[in-house]
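Presented below is the structure to which this report refers.
The values are calculated or read from the model by the stated rules, or taken from the named source; none is laboratory data. Here the structure is a predicted model, which means the values were calculated and not measured. When we count neighbours, we look across all protein chains shown, and the Cβ atoms used for this are built from the backbone with ideal geometry, even at glycine.
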Amino acid sequence: MIAVTCRNGEHFTLDPGHIERVECDPDTVIHLVDGTKYVVSDSLDRLLLTIRDHRAAALFLQKRLAGGTAELADHASTVRDSALRVERRQYRRDGDANSAGASARDRDES
């Protein structure tokens with residue numbers, strides 16, 4: 001669970017696995033898979049860092065509980081404060097993956 005703050009100052013937790021998408025124009029709005037929307041005071045960058053830290057901690061504990069070797073990297077403190085890179089999807093969301101793939105295939109053949 002991650003902790004977030006509503007615009008009215010109310011604090012609550014969310015399961016990051018239930019987040020469908022996040023909009024940030026002009027307010028940060030979290031859309032859950034069940035259709036619930038939350039307007040939060042956290043910025044998109046702060047929210048992404050929180051989710052990343054949560055998933056890293058969960059993976060670390062999972063490895064440790066499974067008997068694997070999970071060790072913190074020496075550079076973990078610098079990675080935590082580094083910039084996030086967000087990339088767009090290669091294909092469109094409407095499921096028409098062939099249009100993007102076909103144009104790339106046509107360029108390769110010529």
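List every residue pair whose Cβ atoms lie under 7 Å apart, where the two residues are 6 or more positions apart in sequence or sit on different chains, the first residue falls within region 17-40 and is acidic (Asp, Glu), and the second residue, located anywhere, is surrounded by 12 or more Cβ atoms within 10 Å (Cβ to Cβ) and part of a strand (DSSP E or B).
Taking only residues 6 or more apart or on different chains, the pairs are Glu20/His31; Glu20/Leu32; Glu23/Val29; Asp27/Val39.
On the basis of being among the charged types (D, E, K, R) and surrounded by 12 or more Cβ atoms within 10 Å (Cβ to Cβ), does Asp42 make the cut?
Here the answer is yes, as Asp42 does meet what is asked.
Name the single residue, out of those in region 1-23 being within 16 Å of the chain's Cα centre (by Cα) and loosely packed, with under 13 Cβ neighbours inside 10 Å, that is nearest to Ala57 (Cα to Cα).
Met1
Across region 33-70, what is the total count of residues that are modelled with pLDDT of 90 or more, of a type in the set (A, V, I, L, M) and either part of a helix (DSSP H, G or I) or within 15 Å of Ala3 (Cα to Cα) (or both)?
7
Inside region 13-23, can you point out the residues that are of a type outside the set (Gly, Ala, Ser) and over 12 Å from Val39 (Cα atoms)?
Residues satisfying the conditions are Thr13, Leu14, Asp15, Pro16, His18, Ile19, Glu20, Arg21.
Within region 2-30, count every residue that is assigned to a helix (DSSP H, G or I) and in contact with a helix residue (DSSP H, G or I) (Cβ under 7 Å, 6 or more places away or on another chain).
Counting residues in region 2-30 that are assigned to a helix (DSSP H, G or I) and in contact with a helix residue (DSSP H, G or I) (Cβ under 7 Å, 6 or more places away or on another chain) gives 1.
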